[in-house]
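Okay, structure first, notes after.
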Amino acid sequence: MTLTMTSESSLNVLLEAVGEGVALISSTGEVVFANELFRSLDPAAITRIGTVCRGLHSSASLRSGTPAQPGPWRVEASSADGSRWYGVTIAQVPSTQVPAPASTQYSVVVRDITPERAFRQKVEAIDRAGSDLLSFDAETVRRMHPVDRLRMAEEKIVRYAQELLHFDHFAIRILEEKTGKLQLTIQHGMPPEFGDIDIYAKAEGNGISGYVAATGQSYICNDTSSDPLFLPGLAGARSSLTVPLKLADRVIGILNIESREGTHFSEEDRLFAEMFTRYAALALHTLDLLVVERSNTNEVTSKRVESEVGKPLDQLLDSIRRFAASSRDGRSDETASQIEHLLSSAEDVRDRARGLAAGSQTVFAADFGKSKPVAEALLDRKRVLVADDEPRVRKIIGDILRHHGCEVTIVDSGSSAIATLEAASRQEIPAFDLVLSDIKMPDKTGYEVFSAARLSRSDLPVILMTGFGYDPHHSIVRASQNGCKQVLFKPFEAALLLDEVRKALSNPV
């Protein structure tokens with residue numbers, strides 16, 4: 001068929017509109033015709049495609065007497081720097097001449113497969129990481145202490161999570177079935193105070209992690225400053241991605257990653273995170289099973305030991321108690337102290353023998369108790385009144401201060417704070433050592449709470465809290481004129497909160 005000028009022009013328009021690179025390439029690798037999209041390809045990719053066409057023709061020529069296969073053939077080509085990848089479909093153009101000419105032409109269609117290739121490579125990387133997470137020698141692991149097993153898993157999980165998910169902060173919380181609490185088990189880049197927040201698997205009042213654990217649904221937070229579920233003030237995160245750790249359909253915990261950039265995580269990131277957590281959950285569960293297996297073996301052995309030494313220990317304890325009772329009158333303080341020491345030591349030996357039988361029932365239980373914060377002398381038993389109308393802020397401040405030894409009273413309004421301070425001044429309740437109050441509450445201002453605190457006790461330190469630049473009633477200025485020295489601007493990190501509390505308690509007004 002002979003193309004007219006009009007039909008040839010229409011064909012060119014059509015080829016430019018198809019959205020793919022289209023070309024006609026000779027058996028020598030030369031481009032006979034190409035649309036604009038093909039001509040815009042990286043020269044390295046065009047050279048690669050020409051080389052393939054030339055190779056196809058040479059291969060067909062070597063098979064003397066055998067007609068060349070028409071294709072199609074599918075190959076991939078990349079730009080010189082490897083940043084773009086193209087899927088190439090090549091087919092031989094049929095010849096109407098008999099016999100077929102020595103020179104052959106190939107039709108070529110090219111499309112950009114960079115996103116598809118990146119997705120495929122990410123999936124393959126997750127599969128490799130998952131295989132490594134699950135590849136450990138069971139016998140070696142059985143001989144390890146439970147804490148060492150958790151550290152082994154932690155090192156691998158954090159390393160692969162960083163490589164695959166790209167985050168600033170990372171945490172895994174495991175669900176305690178009996179209490180519903182999400183225990184912080186693995187973390188990276190989080191401040192020490194992060195573990196002070198008590199989070200439960202509940203859809204409300206426990207942040208995004210609690211919501212994800214309760215619903216089993218992943219959650220992307222694009223803006224932490226405006227998302228009502230996000231618990232603020234932890235580590236300066238501006239966006240987060242939280243996915244459930246699942247075994248089959250059962251939620252055993254959550255994985256949370258955070259970024260200092262807003263809108264950092266996409267739906268594709270969510271998909272990758274969910275794929276990764278399947279391997280992480282299985283690896284942690286497998287380690288857990290090995291701990292339980294070893295624990296069960298230890299239990300059998302320990303019960304044998306307990307049966308052998310238990311009776312003599314009980315007899316020894318009875319003898320010590322009878323001797324203590326019979327010699328109570330007339331014995332010296334030194335003798336009484338030695339008897340108490342002997343009794344305590346014998347009871348300790350008996351309890352240890354019994355405790356060996358139980359052991360750590362999970363790899364997580366071995367780790368939970370080892371990092372409980374020791375109450376600071378400065379904060380221990382200090383009574384703190386916290387007034388804020390935002391539930392998230394109240395929860396975080398309350399949890400952190402309680403974990404550091406404070407006795408915290410929390411109220412949700414300025415009126416309640418003032419009434420509580422008045423009750424303390426009337427000695428109806430114990431006095432407070434510190435007051436933390438938001439300046440923006442529906443009923444009372446921060447200055448009014450500050451004034452009530454000073455009426456309750458003239459040297460009672462007060463820390464006011466506010467969002468940046470928000471002080472419509474000039475509470476900060478008025479309070480500072482009357483001796484208030486400290487202001488916390490939201491959102492603030494937990495470490496800053498503790499620093500300000502220590503400062504206030506160290507230097508009362």
| note | Checked against (1) closer than 15 Å to ALA387 by Cβ; (2) modelled with pLDDT of 75 or more, SER475 satisfies every condition except (2)
| query | How many residues are more than 19 Å from ALA161 (Cα to Cα) and part of a strand (DSSP E or B) when one looks only at the stretch 225-283? | reply | 2
| Considering only helices (runs of 4 or more DSSP H) fully contained in the stretch 1-83, which possess at least 3 residues that are of a type in the set (Lys, Arg) and at pLDDT 90 or above? | none
| message | Checking ASP249 against (1) touching a strand residue (DSSP E or B) at 6+ places or on another chain (Cβ under 7 Å); (2) of a type in the set (Asp, Glu); (3) surrounded by fewer than 19 Cβ atoms within 10 Å (Cβ to Cβ), only one condition comes out false. Which one? | response | (1)
| said: Restricting to the stretch 303-323, and then to whatever is modelled with pLDDT under 70 and small (Gly, Ala, Ser), can you tell me which residue is nearest to LEU342 (Cα to Cα)? | reply: GLY310
| note | Of the residues in the stretch 99-110 that are touching a Leu at 6+ places or on another chain (Cβ under 9 Å) and modelled with pLDDT of 85 or more, the one that is surrounded by the fewest Cβ atoms within 10 Å (Cβ to Cβ) is SER107
| query | Could you say which residue among VAL411, VAL384, VAL435, VAL393 is surrounded by fewer than 23 Cβ atoms within 10 Å (Cβ to Cβ), among the aliphatic types (A, V, I, L, M) and out of contact with any Lys or Arg (no Cβ under 8 Å at 6 or more places or on another chain)? | reply | VAL411
| task | Could you tell me whether ILE208 is assigned to a strand (DSSP E or B), buried (at least 18 other Cβ atoms within 10 Å of the Cβ) and either at pLDDT 80 or above or out of contact with any helix residue (DSSP H, G or I) (no Cβ under 8 Å at 6 or more places or on another chain) (or both)? | result | no
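Table: residues versus (1) over 23 Å from ILE208 (Cα atoms); (2) of a type in the set (Gly, Ala, Ser); (3) outside the structural domain of LEU488 (by TED's automatic domain parsing); (4) over 36 Å from the mean Cα position of the chain (by Cα).
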{"residue": "ARG402", "(1), (2), (3), (4)": "no, no, no, no"}
{"residue": "PRO430", "(1), (2), (3), (4)": "yes, no, no, yes"}
{"residue": "ASP443", "(1), (2), (3), (4)": "yes, no, no, yes"}
{"residue": "GLY446", "(1), (2), (3), (4)": "yes, yes, no, no"}
{"residue": "SER451", "(1), (2), (3), (4)": "yes, yes, no, yes"}
{"residue": "ARG454", "(1), (2), (3), (4)": "yes, no, no, yes"}
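The values are calculated or read from the model by the stated rules, or taken from the named source; none is laboratory data. Just so you know, these numbers come straight off a predicted model, no measurement behind them. Please note: Cβ atoms are built from the backbone with ideal geometry, for glycine as well, and neighbour counts cover all protein chains shown.
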